[in-house]
Amino acid sequence: MRAFAIWLAAFVVIFGAFALFTNSARENDEVFVLVDSSFDMQDVWTRVPGELDRIDDDRFAEFALATEKSIVHGYQERLRIGDVVPFAPCDNDELERYPQIDTADRLVLITTEDSCLTEGLEGDWDIIELEP
């Protein structure tokens, strides 16, 4: 019985060390989240924080957040929309100003149906369309 206890203790220590090492050695993914903050989003705006909370549940990722108008925050562990209010028409002509789009491991767009932001963004983007 004593040999089993020694074997079990050694197994737990080795397995625990391996788990700790693999957890700390894993690189975090960079996720760039773009939120449509145009007039079209007013009806669904209260659901945006819930979607952001669902997205940032991935513990092996860091998140940068922007609207089509400006950056909200750089890479961090949680997505925080802050005091952004939907206004003005949608404009995705200047999205190239966000260098995160080129370097992110994953791109996410939160928008609503028939938004101008979805034009040309299919393919590389995970598009979440909120319905009113």
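Taking residues in the range 42-61 that are farther than 13 Å from Ile110 by Cα, and partners anywhere that are hydroxyl-bearing (Ser, Thr, Tyr), the pairs with Cβ atoms closer than 8 Å and at least 6 places apart or on different chains are Asp43/Thr112. Taking residues in the range 95-124 that are among the acidic types (Asp, Glu), and partners anywhere that are modelled with pLDDT under 75, the pairs with Cβ atoms closer than 8 Å and at least 6 places apart or on different chains are Glu119/Asn92. Checked against (1) of a type in the set (A, V, I, L, M, F, W, C); (2) within 19 Å of the chain's Cα centre (by Cα); (3) farther than 24 Å from Gln100 by Cα, Phe63 passes all but a single condition, namely (3). Taking the criterion of being open to solvent by 10 Å² or more (accessible area, probe 1.4 Å) and under 19 Å from Asp126 (Cβ atoms), the residues of the range 14-39 that qualify are Asn28, Asp29, Glu30. Looking only at the range 19-37, decide whether some residue is farther than 16 Å from Leu107 by Cα and touching a strand residue (DSSP E or B) at 6+ places or on another chain (Cβ under 7 Å). Yes, because at least one residue in the range 19-37 is farther than 16 Å from Leu107 by Cα and touching a strand residue (DSSP E or B) at 6+ places or on another chain (Cβ under 7 Å). What residue, of Ile110, Ile71, Ile55, is at pLDDT 90 or above, more than 12 Å from the chain's Cα centre (by Cα) and hydrophobic (A, V, I, L, M, F, W, C)? After ruling out the rest, the residue left standing is Ile71.
Against the conditions (1) over 20 Å from the mean Cα position of the chain (by Cα); (2) under 22 Å from Glu131 (Cβ atoms), where does Val85 fall short? Just the number, please. Looking at each condition in turn, Val85 falls short on (1).
The values are calculated or read from the model by the stated rules, or taken from the named source; none is laboratory data. Owing to the predicted nature of the structure, the values given are computational and were not obtained by experimental measurement. Every residue, glycine among them, receives a Cβ derived from its backbone with ideal geometry; neighbour counts consider all protein chains shown. Just the protein is used for accessible areas: all its heavy atoms, side chains included, with ligands, DNA and RNA removed. Shrake-Rupley method; radii C 1.70, N 1.55, O 1.52, S 1.80 Å.
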